[in-house]
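Asker: Quick one: this structure, given as structure tokens, is what I'll be asking you about.
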Amino acid sequence: QVLSDVFNAPVFTIDTANSACLGSAYRAIHGLVAERDVSLADVVKLAPEPRLAVTPTPGAEELYRPLLKRYAELEQKVIYNPASSC
């Protein structure tokens, strides 16, 4: 639910073990075949059917939007000046 609220997007899952690893594997395959103009949709067409797990909580975006902006600012500070960010 937190991911859905923070990113203001529905979250889908698939009924398979290690689904995050499976997603990474699909992305890797897509990278390998990218030169042949194969879409990610074509790569994952045999994947298990995703199931809607949660949707964003109404109003949560108003809470998380400024926090995401602040997080992005801090992330940039760390990336571009890591010694002074500690």
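The values are calculated or read from the model by the stated rules, or taken from the named source; none is laboratory data. A quick note: this is a predicted structure, and the numbers were derived from the prediction, not measured. Quick reminder, even Gly has a Cβ in these numbers, built from the backbone with ideal geometry, and neighbours come from all protein chains shown. The area values use the complete protein model at the heavy-atom level, side chains included, leaving out ligands, DNA and RNA. Shrake-Rupley method; radii C 1.70, N 1.55, O 1.52, S 1.80 Å.
Asker: So in the range 27-43, with the set limited to residues that are open to solvent by 50 Å² or more (accessible area, probe 1.4 Å) and touching a residue at least 12 places away in the same chain (Cβ under 8 Å), which one is farthest from the chain's Cα centre (by Cα)?
Answerer: ILE29
Let's see how each residue does on (1) under 30 Å from ARG65 (Cβ atoms); (2) of a type in the set (Lys, Arg); (3) in contact with a His (Cβ under 9 Å, 6 or more places away or on another chain):
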site	(1), (2), (3)
LEU3	yes, no, no
CYS21	no, no, no
SER24	yes, no, no
ALA34	no, no, no
LEU40	yes, no, yes
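Asker: Any residue in the range 72-86 that's in a helix (DSSP H, G or I): show its pairings with residues that are at pLDDT below 80 at Cβ separation under 7 Å, as long as the two are six or more apart or on different chains.
Answerer: LYS77/SER85; VAL78/SER85
Asker: Select from the range 7-16 the residues that are of a type in the set (A, V, I, L, M, F, W, C) and open to solvent by 80 Å² or more (accessible area, probe 1.4 Å) and list them in ascending order.
Answerer: Scanning the range 7-16 gives PHE7, PHE12.
Asker: For ALA83, all conditions in the list (1) open to solvent by 80 Å² or more (accessible area, probe 1.4 Å); (2) within 26 Å of PHE12 (Cβ to Cβ) hold save one; what is the number of the exception?
Answerer: With respect to (1) open to solvent by 80 Å² or more (accessible area, probe 1.4 Å); (2) within 26 Å of PHE12 (Cβ to Cβ), ALA83 is out only on (2).
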